[in-house]
Amino acid sequence: MNTLQTTFCGISFENPLVLASGILGVTGETMADVVNRGAGGVTTKSWWVTKHEGHKNPVIIANDSYLMNAVGLPDAGIEKSREEITEYRKHTNAPIIANIVAGSVEDFTKITQKATQLHPDIIEVNISCPNVKKEFGNLFSGSCHFAEQMTKSVKNHAGDIPVSIKLSPNVANIADVARACEANGADAITAINTVGPGLRINPELRTPILHNTFGGVSGPAILPIALRCVWDIYEAVKIPIIGTGGITTGRDAIEMLLAGGTLLGVGTALHFRGKDAFSLISQEMEEFCQAEGVKHISELIGAAHQA
Ligand code: DHB
């Protein structure tokens, strides 16, 4: 077996690097292009049942250490998602993870039923977007009670498609939330969503830079937080983890495996390393494995816990 090839919830991936939700996951063609450029799989942007308006500009700011965004989860609705997943499948057999979002248990049921009909390989449940507070109040993944309810509602309607619940780092105890998801049937955990939300202010204008005031922070600065969260979750549950947050280099990716990630989400690295980020990171991982005598990356998953 190739050193980086991996299996997650029974699904085979050429390498563990998957496009994280919210970056280039809009059209089938751009997602297929990410696979052509070295990703093992992709995650779509968040799908809503019906059309959802995003926030007004400015929605994103970037500097050398992080990116902060409040795009507001814009989406054209499930019929458009059907077209895009059909287009994606024309170009590649690499697994596709459908990220879904909703504002209530009822709507999570509806979007799960619709998404399931499009046969994604995995369903990822976004209960951790930091930017819809005005619409829906506090994060669902901020409470074990809501996390349980959303997990149950999705699992009851997802058939045999594996379900991964995407958690927020912005909670007192992420391991407790992961445990609640596992106890209610989750097949996997994705950790972490963006950090914060954060705030930047334009000093001359004396106003917040983002139209939404606050935004989710991603990029190299959040890697230590993501690693700690994945570490805590790995110690708390038996289900596998999609470790995501700040992975920018092959060494970052190796650290995420050692903390307990099986798949590795990569998103903001495309901003820092360009469109070949996936092939650069996987090449660096291969080089590490060769130098360290690692025959297969399964040797590394969670290995730092045994030290
Ligand atoms: C948005 C959604 C997220 O899940 C996130 O982490 C950051 C931003 C958004 O669309 O605003």
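Matching residues to (1) in contact with a Gly (Cβ under 7 Å, 6 or more places away or on another chain); (2) more than 19 Å from Asp121 (Cα to Cα); (3) touching a residue at least 12 places away in the same chain (Cβ under 8 Å):
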{"residue": "Thr27", "(1), (2), (3)": "no, no, yes"}
{"residue": "Ala32", "(1), (2), (3)": "no, no, yes"}
{"residue": "Ala39", "(1), (2), (3)": "no, no, yes"}
{"residue": "Thr44", "(1), (2), (3)": "yes, no, yes"}
{"residue": "Trp47", "(1), (2), (3)": "no, no, yes"}
{"residue": "Val71", "(1), (2), (3)": "yes, yes, yes"}
{"residue": "Glu83", "(1), (2), (3)": "no, no, yes"}
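To keep it simple, each residue is scored yes or no on (1) at positive phi; (2) among the aliphatic types (A, V, I, L, M); (3) in contact with a Ser or Thr (Cβ under 6 Å, 6 or more places away or on another chain); (4) open to solvent by less than 10 Å² (accessible area, probe 1.4 Å).
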{"position": "Gly142", "(1), (2), (3), (4)": "no, no, no, no"}
{"position": "Phe146", "(1), (2), (3), (4)": "no, no, no, no"}
{"position": "Thr151", "(1), (2), (3), (4)": "no, no, no, yes"}
{"position": "Val163", "(1), (2), (3), (4)": "no, yes, no, yes"}
{"position": "Leu167", "(1), (2), (3), (4)": "no, yes, yes, yes"}
{"position": "Cys181", "(1), (2), (3), (4)": "no, no, yes, yes"}
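When segment 195-223 is limited to residues that are open to solvent by less than 20 Å² (accessible area, probe 1.4 Å) and closer than 26 Å to Ala236 by Cα, the one that is nearest to the chain's Cα centre (by Cα) turns out to be Ser218. Which one is farthest from Thr213 (Cα to Cα), of the residues in segment 12-54 that are acidic (Asp, Glu) and more than 12 Å from the ligand (Cβ to nearest atom)? In this case the residue turns out to be Glu14.
Please tell me if Ile111 is away from the ligand (no atom under 12 Å from the Cβ), touching a Phe, Trp or Tyr at 6+ places or on another chain (Cβ under 9 Å) and of a type outside the set (D, E, K, R). In short, yes.
Residue-by-condition table, conditions (1) aliphatic (A, V, I, L, M); (2) crowded, with 22+ Cβ neighbours inside 10 Å; (3) within 11 Å of the ligand (Cβ to nearest atom); (4) under 23 Å from Thr194 (Cα atoms):
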residue	(1), (2), (3), (4)
Lys56	no, no, no, yes
Asp64	no, no, no, yes
Leu67	yes, yes, yes, yes
Lys80	no, no, no, no
Glu87	no, no, no, no
Ser104	no, no, no, yes
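Highlighted here are the strands (runs of 3 or more DSSP E) found entirely within segment 155-232 that include at least 1 residues which are touching a Cys at 6+ places or on another chain (Cβ under 7 Å) and touching a residue at least 60 places away in the same chain (Cβ under 8 Å): 188-191.
Residue selection: Lys56 fails the criterion of being charged (D, E, K, R) and either touching a helix residue (DSSP H, G or I) at 6+ places or on another chain (Cβ under 9 Å) or under 19 Å from Asp276 (Cα atoms) (or both). Among the conditions (1) small (Gly, Ala, Ser); (2) within 16 Å of the ligand (Cβ to nearest atom); (3) open to solvent by less than 30 Å² (accessible area, probe 1.4 Å), the only one that Ala188 does not satisfy is (2). Checking every residue in segment 250-257 against the condition of being assigned to a helix (DSSP H, G or I), of a type in the set (Asp, Glu) and more than 23 Å from Ser65 (Cβ to Cβ) gives zero matches. Of the residues making up segment 280-297, those that are small (Gly, Ala, Ser) and surrounded by fewer than 16 Cβ atoms within 10 Å (Cβ to Cβ) number 2.
Restricting attention to segment 35-48 and to residues that are more than 15 Å from the chain's Cα centre (by Cα) and surrounded by 21 or more Cβ atoms within 10 Å (Cβ to Cβ), the residue that is nearest to Asn15 (Cα to Cα) turns out to be Val35. Here Pro120 passes the criteria (1) more than 28 Å from Phe272 (Cβ to Cβ); (2) buried (at least 19 other Cβ atoms within 10 Å of the Cβ); (3) away from the ligand (no atom under 14 Å from the Cβ) except the one numbered (1). If Arg37 meets every condition in (1) on the phi > 0 side of the Ramachandran plot; (2) modelled with pLDDT of 95 or more apart from one, which number is that one? Every condition holds for Arg37 apart from (1).
The values are calculated or read from the model by the stated rules, or taken from the named source; none is laboratory data. From a predicted model like this one, the values you see are computed outputs, not experimental measurements. All Cβ positions, glycine included, derive from the backbone under ideal geometry; neighbour counts span all protein chains shown. Note: accessible area is taken over every heavy atom of the protein model, side chains too, but ligands, DNA and RNA are not part of it. Shrake-Rupley method; radii C 1.70, N 1.55, O 1.52, S 1.80 Å.
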